[in-house]
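In what follows, a structure is listed as structure tokens, so that the remarks can point back to it.
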Amino acid sequence: MGEATRRDALRLRIVSALVLGPLVLAAVALGWPWFDLLVAGCAAVMAWEWSTVCCGRRGRRGAILIVVVTVAPLMVEPLGAWSLLVPVAGLLPALYRVRVEHSRPLWMAAGSLYIGLPAIAMAWVRLEAGWETVLWLFIVVWTTDIAAYAFGRQIGGPRLWPRVSPKKTWAGLIGGVVSAGVAGTLVALALGASALGAVLAFGLVLGIVSQGGDLFESAFKRRFRVKDSGDLIPGHGGLLDRADGLIAATPVVALAVLLMQGGLTTW
């Protein structure tokens, strides 16, 4: 990729972030039902991309997957933990066809959990832990992604996992994780959190988890020989391409909220 092409791609990324970022943050602040509708809409798009990558088309199982993951986060407010049954139920239609079509129905079943569970976790964290925790999560994951890209591009060096993601480097991983810890601590301080040491450690962990989600999505695309999950976001590819870190990190934050019986300001 030439320098001019890289600059154009970076410019598209910045413009997309400037347009979409405020909309996401506004939904975070507003809460129910706007945030849950945003999560449901994003889950539907990701399910559409997932089924296209797996099968090259949506089809009947793709339509079922889209419906399941769209409904799942909308059930958190009325059903609470029972909403977890929705993505689990989404496994059944796909598993029914395993003997006939072998691995592809298994991938479609995996999509129900891979997209549905984080969508439920995101809606639940907003409901139980407030906008502060969701904002902190977004900033930690976004910082990881941006810093990993910047450090990897500027420093270069040994590749992290060339067979899966040829462009990712150890410098990018370390820079992204450290930046996530620092950014998470500063945001937590601004929002009134007191246990800053624990927040720093958790931010570092989420940085690692977020990068792991990125690598998994790269492996998923490589398995089906596609470069991007879609072309919805200019300069970024598909929504799955941009949300892979959040998909991995959100259930971890939900578990922390459950164990600590509260969100960021109570840690």
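The values are calculated or read from the model by the stated rules, or taken from the named source; none is laboratory data. Not measured: the values here are computed from a predicted model. Cβ: placed from backbone, ideal geometry, glycine included. Neighbour counts: every protein chain shown.
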* **Residue, farthest from Leu173 (Cα to Cα), within the stretch 205-256, restricted to residues that are among the polar types (S, T, N, Q) and at pLDDT below 95** => Ser229
* Take the residues of the stretch 190-237 that are touching an Asp or Glu at 6+ places or on another chain (Cβ under 6 Å) and in contact (Cβ under 8 Å) with a residue 24 or more places away in the chain: which is surrounded by the most Cβ atoms within 10 Å (Cβ to Cβ)? -> Asp214
* Structure fact -> If we ask which residues in the stretch 143-162 are in contact (Cβ under 8 Å) with a residue 40 or more places away in the chain and of a type outside the set (Ser, Thr, Tyr), their number turns out to be 4
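Are there helices (runs of 4 or more DSSP H) fully within the stretch 60-165 with at least 1 residues that are modelled with pLDDT under 90 and surrounded by fewer than 18 Cβ atoms within 10 Å (Cβ to Cβ)? List them.
Ranges flagged: 85-89, 91-95, 98-101, 103-155.
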* Structure fact -> If we ask which residues in the stretch 41-59 are of a type in the set (Gly, Ala, Ser), closer than 18 Å to Phe220 by Cβ and either assigned to a helix (DSSP H, G or I) or touching a Lys or Arg at 6+ places or on another chain (Cβ under 8 Å) (or both), their number turns out to be 3
* Structure fact -> Scanning the stretch 164-189 residue by residue, the ones that are closer than 29 Å to Phe220 by Cα, touching a residue at least 12 places away in the same chain (Cβ under 8 Å) and either touching a strand residue (DSSP E or B) at 6+ places or on another chain (Cβ under 7 Å) or not hydrophobic (A, V, I, L, M, F, W, C) (or both) total 12
* Asked: Out of (1) closer than 22 Å to Ala243 by Cβ; (2) touching a residue at least 60 places away in the same chain (Cβ under 8 Å), what's the single condition that is false for Ala109?
  -> (2)
